[in-house]
2 protein chains.
Amino acid sequence: MGERKIIEIIQGHFDLMPKMPIPFGDDVSACNIGNGNLAILKTDMLVSKTDVPPGMTLWQAARKAVVMNISDFAAKGVKPKAMLVSLGLPKDVREEDIMELARGLNEGAREYDAYVIGGDTGEASDLVISISLFGTAAKSEVMLRSGARPGDVLAVTGFFGNAPAGLKILLHNIDAQEKLRKVLVDSVLLPRARLKEGLALRRSGAISAAIDSSDGLAWSLHEVAKASNIGFTVDKLPIAPEAERFAEDHDIDPEELALYGGEEYELILTVKPNLWAAAEEAVRRVRGSLFRIGTVEAKKTVLIETDGKRRVIQPRGYEHFKS
Amino acid sequence: MGERKIIEIIQGHFDLMPKMPIPFGDDVSACNIGNGNLAILKTDMLVSKTDVPPGMTLWQAARKAVVMNISDFAAKGVKPKAMLVSLGLPKDVREEDIMELARGLNEGAREYDAYVIGGDTGEASDLVISISLFGTAAKSEVMLRSGARPGDVLAVTGFFGNAPAGLKILLHNIDAQEKLRKVLVDSVLLPRARLKEGLALRRSGAISAAIDSSDGLAWSLHEVAKASNIGFTVDKLPIAPEAERFAEDHDIDPEELALYGGEEYELILTVKPNLWAAAEEAVRRVRGSLFRIGTVEAKKTVLIETDGKRRVIQPRGYEHFKS
């Protein structure tokens, strides 16, 4: 059973909170706290056996668990304030392992100006790091998945394919030229959440919908299409040059890496066309990037156009529990 | 390494949030949200191999995970509003298991008027249920561990010993007369959080300090003593009659069950002596119980007095990771 099927079953059993400000299935959850303000909440769990590739240190694993959660706040344009951590630790855990995990958690949080304020620990067979993130936001300001309109510009904050290529290197012990290897592998071991970009874009008022790309570019596009009831044409696939080079060297389809890889933490956004310059300017001011990759369409299909030919982008991506 | 040692190591590595409204180590964490109000946050993780005894259904395990968290809110007098769930699920999990877990989570939340508003799932070797709870409270109203003063009345919301006795029955397959068995085992399988008592007592203004008893009566008393810089004399140990009966039948020390058992979700409170009647009345109105069991002392020892003799209550209790 796939992760998404499981989530669907579970959600079907939950009573809906009245006036739920953000629906199930968006990147974060929310709760009204009065005066048009929301408490923004997110939980995301890292489990060593599926989320920690060979070669990743405990410090990196702990930091990655933080980044996974921060990235969802970034996609909504919400500043994270505080973090809780539930740690499941194997029985034979050493004191130095615990210190390394604690440092990774703290440094991950501080990198994005948040603090760890509490948590819990227990014995588990795997290393489990479950993080909950908290922040507040004005209800009218949160960037949801559901606001994209036909004619909006489709944009991303960075290139795709490096983390999936790096993951192949780590998992299958694939060779690569040293400098290339480092770029690809680092994108797996030291992912970054696009928080400053997300906050700046939210303030620009130019964004109609947003999502983070951790489930893969293809899957995330389909999620926004579903939530906004629109479609996309991608006419400029943002493949990272390093991923392209790696794909060429190893006879891998670079499009496959960029579209269906996942575990990347870019933001995917739809921008109101008359405010495109404002969005670009907002991102430039925080020294980020914004690349136009396509257009929002009224027709509910997700397509890629290359050399004048259109093909369907499939609704698949990175998923745990795949059998 | 014990759970408390691990927590100590971890906390030592965290940068402290400035003006942290509730210190590390209290039952909940908090974050200022303006106008003297706090976001109250709690995470507590249930792991099948240490927290789910034989005989406990998945529905009960999911509900217990909720109750563990609600109980900490109850001890602070804070109403829980919303809940996030991170679920670690074994690879071979069945659809009906997932539905049972979802129902337990939802029914646990609704029992205490809260809603599940989001979550995450991933593959893990054990069943892991990590819950995060959210609510808001006026900063001045939260009942902390640190406010007890010499002369205050020490009180609890119920009797102790049944869950530890029930756990012995489940873990070691011990015989007990059918009716007795049911009471003891149900206290393990269907624990209750004292939320209405906690909310009523907070509103009464009579409480100087509070904690929940999930780590055991003895340990929890030591925690309040440490946080409030005081001591206790317990002169009336609140042993449940069923636990007493079970202890007698099986030649177990009933005091051991009541003091050092743990996994019970009563509230332990210190009450301003001049407001004792108000506290009693507040609890009676919500059909709860409040039992006076001792006194807060200036001397920083935790003692029990029986037949005019005083003995030390040891700082030990229920703990995972014990080797």
- Message: Taking the Cα of B:K49, stepping 7 Å toward and past its beta carbon, and measuring to each backbone N in segment B:117-136: which are under 16 Å?
- Response: B:123-129
- One decimal, nm, nearest first: from B:V286 to the same residue in each other copy, label points 7 Å out along Cα→Cβ, the values are 4.2
- For chain A, averaging the sequence separation of alpha carbon pairs under 8 Å that lie six or more residues apart and dividing by its residue count, the contact order in percent is 23 percent
- Query: Treating the beta-carbon of each Lys and Arg as +1 and of each Asp and Glu as -1, no other charges, what is the dipole magnitude of segment B:3-141 about its Cα centre, to the nearest 20 debye?
  - Reply: 420 debye
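FRET efficiency for B:K91 and B:K299, Cβ-Cβ distance as r, R0 = 45 Å, nearest 0.05?
Step by step, r from the Cβ atoms, then E = 0.25.
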- Query: Semi-axes of segment B:3-141's equivalent ellipsoid from the Cα gyration tensor, sqrt of 5 times each eigenvalue, largest first, rounded to whole Å?
  - Reply: 28, 18, 12
- Note on the structure: At the level of C-alpha centres, the distance separating segment B:128-163 and segment B:178-216, in angstrom, is 10 Å
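Return the average number of partner chain Cβ atoms within 10 angstrom of each residue Cβ along peptide B:133-143.
2
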- Violations at 31 Å Cα threshold for listed pairs A:K91/B:K42; A:K19/B:K182; A:K49/A:K272 -> A:K19/B:K182; A:K49/A:K272
- Query: Given label points at 7 Å from Cα along Cα→Cβ, what nm distances, shortest first, separate B:E248 from the same residue in every other copy?
  - Reply: 8.7
- Under a straight-distance cross-link criterion of Cα-Cα below 12 Å, which aspartates and glutamates are reachable from B:K179, leaving out those fewer than 8 residues away in the same chain? B:E242
- Rounded to whole Hz and in sequence order, give me ³J(HN,Hα) for segment B:183-198 from the Karplus expression 6.51 cos²θ - 1.76 cosθ + 1.60, θ = phi - 60°, writing x for Gly and Pro. 4, 5, 5, 4, 5, 7, 7, 10, x, 10, 8, 8, 5, 5, 5, x
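May I ask you to derive the relative contact order of segment A:143-255, considering only C-alpha pairs under 8 Å and at least 6 residues apart, and to give it as an integer percent?
The normalised contact order for segment A:143-255 reaches 43 percent.
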- Item | Cα pair distances in segment A:142-231, grouped into 5 Å bins until the bin that holds the longest one, percent each | 3, 12, 20, 18, 15, 12, 10, 7, 3
- Item | Of B:V93, B:G317, B:A114, farthest towards positive along the dipole that unit charges on Lys, Arg, Asp, Glu beta carbons give chain B | B:A114
- What shape does chain B take by its C-alpha gyration tensor, where a ≥ b ≥ c are the square roots of the eigenvalues and a/c under 1.5 counts as rounded, a/b above b/c as prolate, and the rest as oblate? oblate
- In Å, the C-alpha Rg and Dmax of segment A:153-312 are 15.7, 47
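How shielded is B:47-59 by partner chains, expressed as the average number of their Cβ atoms within 10 Å of its Cβ atoms?
Neighbouring Cβ atoms belonging to other protein chains average 2 per residue here.
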- Message: Counting just the Cα atoms, what span does the protein assembly as shown cover along each of its three principal axes? Round to the nearest Å and put the largest first.
- Response: 93, 48, 40
- Message: How shielded is B:107-114 by partner chains, expressed as the average number of their Cβ atoms within 10 Å of its Cβ atoms?
- Response: 1
- Query: Residue farthest toward the positive end of the dipole of the protein assembly as shown, with Cβ of Lys/Arg at +1 and Asp/Glu at -1: which of A:S204, A:A225, A:L84?
  - Reply: A:S204
- Where a Cα-Cα gap under 13 Å defines reach, which aspartates and glutamates qualify for A:K300, not counting those fewer than 8 residues away within the same chain? A:E223
- Label spacing, shortest first and in nm, from B:D97 to its equivalents in the remaining copies (7 angstrom along Cα→Cβ): 2.4
- Note on the structure: Burial-style ranking of B:4-14, A:185-195, A:240-250, B:71-81, average other-beta-carbon count within 10 Å with highest first, yields B:71-81, A:185-195, A:240-250, B:4-14
- Give, rounded to the nearest 20 debye, the magnitude of the charge dipole that chain A has about its Cα centre when Lys and Arg contribute +1 at Cβ and Asp and Glu contribute -1 at Cβ. 1220 debye
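Only the coordinates and a few stated rules stand behind these numbers; no lab work does. Values in this document were obtained by computation on a predicted structure and should not be read as measured data. Here Cβ is always computed from backbone atoms with ideal geometry, including for glycine, and neighbour counts include all displayed protein chains.
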